[in-house]
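Before any comments, here is the structure.
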2 protein chains.
Amino acid sequence: MKKNSIGIGLIGVGVIGGAVARVLRDRSAKLAELAGAPVVLRKIKIAPIDLTRPIIKEFPAGIFTTDEAEFFGDPDIDIVVEAIGGEFPAFHYLEKALMAGKHVVSSNKEVVSKHAAELLALARKNNVGLRFEASVGGGIPLLEPFQYDLSVNEIKGIFAIINGTTNYILTRMAQEGIEFAEALKQAQALGYAEANPKNDIEGHDAVYKLAILSMLAFDTEVKPENIYREGITTLEGRDFQYAKELGFVIKLLAIAKESDGQIELRVHPVFLPDDNFLANVDGVFNAVLTTGDLVGDVIFSGQGAGPAPTSSAVVADVLAAAQDAASCVGNRMRWRLDGGKKLMPMSEVVTRYYFRLNVTDKPGVLAHIAGIFGDNKISIASVLQKEVDEATESAEVVIMTHPAKESAVQQAVEALRSLDTIKAVHNFIRVGI
Amino acid sequence: MKKNSIGIGLIGVGVIGGAVARVLRDRSAKLAELAGAPVVLRKIKIAPIDLTRPIIKEFPAGIFTTDEAEFFGDPDIDIVVEAIGGEFPAFHYLEKALMAGKHVVSSNKEVVSKHAAELLALARKNNVGLRFEASVGGGIPLLEPFQYDLSVNEIKGIFAIINGTTNYILTRMAQEGIEFAEALKQAQALGYAEANPKNDIEGHDAVYKLAILSMLAFDTEVKPENIYREGITTLEGRDFQYAKELGFVIKLLAIAKESDGQIELRVHPVFLPDDNFLANVDGVFNAVLTTGDLVGDVIFSGQGAGPAPTSSAVVADVLAAAQDAASCVGNRMRWRLDGGKKLMPMSEVVTRYYFRLNVTDKPGVLAHIAGIFGDNKISIASVLQKEVDEATESAEVVIMTHPAKESAVQQAVEALRSLDTIKAVHNFIRVGI
């Protein structure tokens, strides 16, 4: 049985929802041709406060509703598109839509990453599709390639710049020698950072996205709270100077690595060799490098946010759902969370480290430091010592290590901080990928 | 109605076919789980000569057949995978498979680019899928992202390094200052170039791939013979020296640009600014940069060839076809060729140019050259003049132009060649993208 027309119900008419509504309206001929049936925006569920938005005037008044029962109960809505963001009430809306037998499209990384297993089970149970291509990397093709093109591979690693706000800030800090606060202010002035930037600068946004990518790559449920997370707020101009001097750039990376059935998952700043592909991904651009056992390294890059790129991905998902709805196909997802891979505790992770310390400029201090590293079985690769302040007789010491275990490094930092001759452990940053 | 098991018939057991056969065998559990039914390699159609290949011993003897009627008539084969390459007999095999109601997967850029419209019509008529992800860029996700993720966009441009052989040769010439013949020899020694390298070095392979990408991007039939094509055989070490001096690298690019319903399509060497993303794609790597009106610039990159990456894409297609076959879904392709875009004649293309001339080292020669450029309304951006041979009183002149029309440049070249004072027009290469 074929359907004659596919009805869309959109939740939210903010920046993303508005862009989606316009694309659905303006490209209806193309969508009808590709889906095999007209794709009609039937209802937009809004909050009363949305009625003040200018976009409201662009659509017939009858399309808007604030009534949940009317919206989710509409039998002419085949596909529900959620574009409000955040965990709640989005999660309840997605639940209602799936339980009402609607195909669901979401651009909401927070709700998908936090409730993946429940949403997936509901979609399976109700035999409808659950799609969320726009939730990671905006318009960059990522989730469909992972599910389709790379599906036969064992994924060995993901190394990603997936937060445009922080990448913009880090790029400014590196290129202009400014401090974090100033770069953040510039990002806010340009609309690249929100008034409350916590979600981006503390790495939550990148964690949500890494959780989603990892679930697709490893077929294993990953809760955002189980991903190690550090933001970029403690980075200082001097770290960027040393990075440059040593042939590195600093990027906030989302990293997933699989070995022997264990996956390590972490989001934190990384000293990246300046000839690495990701080192040259600047400004608001995103890039995801993934390694499959058959395909080798594959790179995806583009603008990771913005209403137009995000609408590109949302409406691509709508189209796929519409094609299924038109031919009465239910859940076609290959996504499953029964891979049973174990998460490696962060304390077990092995990587190289960069340390920047402020020390008393006296003989024997380096020996003390080296002793602590040695006690914790951390092998030092190089030491840079610079006098920064003759008045206080203090010097800045930069140490690069060979690969060491995170737990040992944490112990060493604690020991360093207890030394009288160490005035401050300014920063320690993981090196390489 | 659901099928209990999906049968695969593979044509060819060479490098690609062999890799595909092994993946189908070794990952059968994963494929069954993802497809929703066991995916079983039932028959491999070979030529008698294939019986000498070592891989034959890896599979039960009964799986091989040289009998076309037996192979295409087997009712237990749901999906035919063609991995022999070349136009014939591949085209006849694909016709037979589609007419027999089999889903088809091909990794064969030549047959798909030359017979796209016929194959697509046959697939539609017989309500089966036709997939060819591996035909462009090996394992790099490209065709599925174009059909799925980017489907709502109007594609404005494609700029691609899609031939690993030539990119390897150009990388060696640039990095080591060697000439084409030497670089080709090295590529052949490493297995990156075939004994008969014509298909790659003269640009045919890139043309086939650009034709396929363009058909997906612009919904318009593109015949390979209608794409302007130049290979890399006339490039000389001196061109690379000048490129470097002027801040460029030389790459063989496949270019598609859309404007006002016209598309320009061309494959030729390009002087690319050295800070362009594609300028740093070296060796056998491929990269495709595409611009959509919603998504902006998106980049895909990875190894464009090799048995393992190619098998990754072929088996991804097999999996999609198997999923359709298992749920008795027929042709789901959105691909259509009725977009009606016109091809711009090469003579109308406007770009900048690099010229390298050998001239008599006498006063007035530059004035002659400038006069010819002026007569053809080509504006000169810069001139470099170097004495190369005092004995013959000749000098080398390098000219960079502002944007000019191809037809004017061709006329200017003809006029330059007729001048007594011009000993040779060594090369002229288009600049920028």
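The values are calculated or read from the model by the stated rules, or taken from the named source; none is laboratory data. What you are looking at is a predicted structure, and each value in this text was computed from that prediction instead of being measured. No Cβ is skipped: glycine too gets one built from the backbone with ideal geometry, and neighbour counts run over all protein chains shown.
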- Query: Does B:Asp78 count as surrounded by 22 or more Cβ atoms within 10 Å (Cβ to Cβ), more than 14 Å from every other protein chain (Cβ to nearest Cβ), acidic (Asp, Glu) and in contact (Cβ under 8 Å) with a residue 12 or more places away in the chain?
  - Reply: yes
- Has region A:136-150 got any residue that is under 26 Å from A:Ser259 (Cβ atoms), among the hydrophobic types (A, V, I, L, M, F, W, C) and touching a Gly at 6+ places or on another chain (Cβ under 7 Å)? yes
Residues of region B:104-120 being more than 22 Å from B:Ala47 (Cα to Cα) and either in contact (Cβ under 8 Å) with a residue 60 or more places away in the chain or within 14 Å of another protein chain (Cβ to nearest Cβ) (or both), in sequence order, are B:Ser113, B:Lys114, B:Ala116, B:Ala117, B:Leu120
Those residues of region B:325-358 which are within 14 Å of chain A (Cβ to nearest Cβ), under 23 Å from the mean Cα position of the chain (by Cα) and of a type in the set (A, V, I, L, M) amount to B:Met333, B:Leu337
Selection over region A:389-410 where residues are part of a helix (DSSP H, G or I) and either surrounded by fewer than 17 Cβ atoms within 10 Å (Cβ to Cβ) or at positive phi (or both) yields a count of 2
When restricted to A:Asp375, A:Asp361, the only residue free of Cβ contacts under 8 Å to residues at least 60 places away in the same chain, of a type outside the set (Gly, Ala, Ser) and either surrounded by 16 or more Cβ atoms within 10 Å (Cβ to Cβ) or within 14 Å of chain B (Cβ to nearest Cβ) (or both) is A:Asp361
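Conditions (1) at pLDDT 95 or above; (2) out of contact with any strand residue (DSSP E or B) (no Cβ under 9 Å at 6 or more places or on another chain); (3) outside the structural domain of A:Asn427 (by TED's automatic domain parsing); (4) not hydrophobic (A, V, I, L, M, F, W, C), marked per residue:
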site: A:Leu357; (1), (2), (3), (4): yes, no, no, no
site: A:Pro363; (1), (2), (3), (4): no, yes, no, yes
site: A:Gly374; (1), (2), (3), (4): yes, no, no, yes
site: A:Ser394; (1), (2), (3), (4): no, no, no, yes
site: A:Pro403; (1), (2), (3), (4): yes, no, no, yes
Inside region A:180-208, the number of residues satisfying the requirement of being crowded, with 24+ Cβ neighbours inside 10 Å and assigned to a loop (DSSP other than H, G, I, E, B) is 1
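Does A:Val314 satisfy the condition of being assigned by TED's automatic domain parsing to the domain that holds A:Ala193 and closer than 30 Å to A:Glu258 by Cα? I'd like the intermediate steps shown before the answer.
Working: assigned by TED's automatic domain parsing to the domain that holds A:Ala193: no; closer than 30 Å to A:Glu258 by Cα: yes.
Considered against the rule, which asks whether it is assigned by TED's automatic domain parsing to the domain that holds A:Ala193 and closer than 30 Å to A:Glu258 by Cα, A:Val314 comes out as no.
Condition (residue is more than 20 Å from the chain's Cα centre (by Cα) and β-branched (Val, Ile, Thr)) applied to region A:304-314: is it met by at least one residue? Give the derivation first.
So in region A:304-314, the residues more than 20 Å from the chain's Cα centre (by Cα) come out as none.
No, region A:304-314 has no match at all.
Does region A:242-254 contain at least one residue that is out of contact with any strand residue (DSSP E or B) (no Cβ under 9 Å at 6 or more places or on another chain), in contact (Cβ under 8 Å) with a residue 24 or more places away in the chain and over 26 Å from A:Gly138 (Cα atoms)? Steps first, please.
Here is the first cut: in region A:242-254, the ones out of contact with any strand residue (DSSP E or B) (no Cβ under 9 Å at 6 or more places or on another chain) are A:244.
Checking the rest, the ones that are also in contact (Cβ under 8 Å) with a residue 24 or more places away in the chain come to A:244.
Remaining after also requiring over 26 Å from A:Gly138 (Cα atoms): A:244.
Within region A:242-254, one or more residues are out of contact with any strand residue (DSSP E or B) (no Cβ under 9 Å at 6 or more places or on another chain), in contact (Cβ under 8 Å) with a residue 24 or more places away in the chain and over 26 Å from A:Gly138 (Cα atoms).
Any idea which of A:Phe180, A:Phe159 is of a type in the set (Phe, Trp, Tyr) and within 14 Å of another protein chain (Cβ to nearest Cβ)? Working first, answer last.
Values: A:Phe180 fails: within 14 Å of another protein chain (Cβ to nearest Cβ).
Unique residue meeting the criteria: A:Phe159.
Conditions tested, residue by residue: (1) over 19 Å from the mean Cα position of the chain (by Cα); (2) under 20 Å from B:Met333 (Cα atoms); (3) without any contact (Cβ under 8 Å) to a residue 40 or more places away in the chain.
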site: B:Gly138; (1), (2), (3): no, no, no
site: B:Gly157; (1), (2), (3): no, no, no
site: B:Ile162; (1), (2), (3): no, no, no
site: B:Glu179; (1), (2), (3): yes, no, no
site: B:Ile201; (1), (2), (3): no, no, yes
site: B:Leu216; (1), (2), (3): no, yes, no
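Could you check region B:121-156 and list, in sequence order, the residues that are β-branched (Val, Ile, Thr) and either part of a helix (DSSP H, G or I) or more than 14 Å from every other protein chain (Cβ to nearest Cβ) (or both)? Talk me through it step by step, then tell me what you get.
Of the residues in region B:121-156, the ones β-branched (Val, Ile, Thr) are B:128, B:136, B:140, B:152, B:155.
Passing the criteria: only B:Val128.
Select, from B:Pro89, B:Pro75, B:Pro60, the only residue that is within 26 Å of B:Thr220 (Cα to Cα), out of contact with any helix residue (DSSP H, G or I) (no Cβ under 7 Å at 6 or more places or on another chain) and modelled with pLDDT of 95 or more.
Details: B:Pro75 fails: within 26 Å of B:Thr220 (Cα to Cα); B:Pro60 fails: within 26 Å of B:Thr220 (Cα to Cα).
Result: B:Pro89 is the single residue among B:Pro89, B:Pro75, B:Pro60 that is within 26 Å of B:Thr220 (Cα to Cα), out of contact with any helix residue (DSSP H, G or I) (no Cβ under 7 Å at 6 or more places or on another chain) and modelled with pLDDT of 95 or more.
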Going through (1) in the same structural domain as A:Gln186 (by TED's automatic domain parsing); (2) surrounded by fewer than 18 Cβ atoms within 10 Å (Cβ to Cβ) one by one, A:Ala370 fails only at (1)
Residue set B:Ala69, B:Ala19, B:Ala29, B:Ala37; condition over 23 Å from B:Gly129 (Cβ atoms) and either part of a loop (DSSP other than H, G, I, E, B) or within 14 Å of another protein chain (Cβ to nearest Cβ) (or both); output residue B:Ala29
It is to be established whether one or more residues within region A:413-433 are surrounded by fewer than 19 Cβ atoms within 10 Å (Cβ to Cβ), on the phi > 0 side of the Ramachandran plot and in contact (Cβ under 8 Å) with a residue 24 or more places away in the chain. yes
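Tell me yes or no: at least one residue of region B:162-169 is modelled with pLDDT of 95 or more and not in a helix (DSSP H, G or I). Break it down stepwise before answering.
To start, the set of residues in region B:162-169 that are modelled with pLDDT of 95 or more comprises B:162-169.
Add one more test, that the residue is not in a helix (DSSP H, G or I), and what stays is B:162-163.
Yes, region B:162-169 contains a residue that is modelled with pLDDT of 95 or more and not in a helix (DSSP H, G or I).
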Polar (S, T, N, Q) and under 13 Å from the mean Cα position of the chain (by Cα): is that true of B:Thr166 in this structure?
yes
